[in-house]
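Please read the structure below before turning to the comments.
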Amino acid sequence: MKLSKKLLAAAAVLTAISATPSFALTTTIDFGLANNAGAPAIVFSQGGYNVTASALVTDNARTVIGSGLVTQTKHTTDVNGGGIGELNNAGDTSHDIDGAILRNDLVQLVFDKAVKLKSVRFARVDSNDFFDFYTVAGYQFSAATPFPLAEYIFGGGGIIGKVFGFGATLDTSDYKIRSVTVSAVPLPPAALLLVTGLFGIGALGRRKNKAV
């Protein structure tokens, strides 16, 4: 009886979690909170997530061609300028995610768990800035940053995944990533079915014990 009650309680908890609105689990990860730093990859830990930001480059066909001499950097100089940028040569003093012929900056964000990416906020933007968006499958689309709010909200409630990239759209881009807003991925129905199955097995075992 005790085992059955525990299994039933676990099923109730999972049901409650799956029914919880996604906005209740939303977290904004601010990449401008830490001190200035520069490295090929930088790890951020915030809101229960570990995010590794890496510097890459793409060619004009939006194909990743490697990191080469790229060194990623982040800055917290001010509210409008702080965030993740990229240094790709010794003379690059702006550290923006920007473009050049056959060498366009791309910052890749890799989460330690699957999330739903709901929005991204940019810094150092103007009305001419556009960004390329990538997932683990490669290039997905291009869009305005936009200006002046500098926050892009993904349609359909967000995009689920662990790998997201923000790149320069040729030479028309120069911006930084200030923050991303993500939410936890709801438990799949299979998890509830598993708990229900375990509850059924427990109940069956109890009946057999009674029969004996």
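The values are calculated or read from the model by the stated rules, or taken from the named source; none is laboratory data. What you see is a predicted model, and the numbers here were worked out from it, not measured in a lab. Note that each Cβ is placed from the backbone with ideal geometry, even for glycine, and that neighbours are counted across all protein chains shown.
Given the criteria farther than 24 Å from residue 153 by Cβ, of a type in the set (Gly, Ala, Ser) and at pLDDT 80 or above, does residue 11 qualify?
no
Pairs needed: first member in segment 129-144, of a type in the set (S, T, N, Q); second member anywhere, part of a loop (DSSP other than H, G, I, E, B); C-beta distance under 8 Å; at least 6 residues apart or different chains.
142/169
Determine if segment 128-145 includes at least one residue that is more than 20 Å from residue 55 (Cβ to Cβ), at pLDDT below 90 and in a loop (DSSP other than H, G, I, E, B).
Taking every residue of segment 128-145 in turn, at least one turns out to be more than 20 Å from residue 55 (Cβ to Cβ), at pLDDT below 90 and in a loop (DSSP other than H, G, I, E, B).
Any idea which of 106, 117, 102 is assigned to a loop (DSSP other than H, G, I, E, B), among the aliphatic types (A, V, I, L, M) and either under 15 Å from the mean Cα position of the chain (by Cα) or more than 19 Å from residue 53 (Cβ to Cβ) (or both)?
102
So, residue 6, is that one among the basic types (Lys, Arg), at pLDDT below 85 and under 21 Å from the mean Cα position of the chain (by Cα) or not?
Answer is no for this residue.
Just need a number here: residues in segment 128-173 that are farther than 20 Å from residue 100 by Cβ and either surrounded by 14 or more Cβ atoms within 10 Å (Cβ to Cβ) or touching a strand residue (DSSP E or B) at 6+ places or on another chain (Cβ under 8 Å) (or both).
Residues of segment 128-173 farther than 20 Å from residue 100 by Cβ: 135-138, 140-141, 143-144, 146-164.
With either surrounded by 14 or more Cβ atoms within 10 Å (Cβ to Cβ) or touching a strand residue (DSSP E or B) at 6+ places or on another chain (Cβ under 8 Å) (or both) added as a condition, the list becomes 135-136, 138, 140-141, 143-144, 146, 150-154, 157-164.
Going through segment 128-173 one residue at a time, the tally reaches 21.
Considering (1) more than 22 Å from residue 33 (Cβ to Cβ); (2) without any contact (Cβ under 8 Å) to a residue 40 or more places away in the chain; (3) part of a strand (DSSP E or B), say which one residue 160 fails and leave the rest.
All conditions pass for residue 160, except number (2).
Would you mind stating whether residue 181 is at pLDDT 55 or above and closer than 20 Å to residue 86 by Cβ?
Judged against the criteria, residue 181 is not a match.
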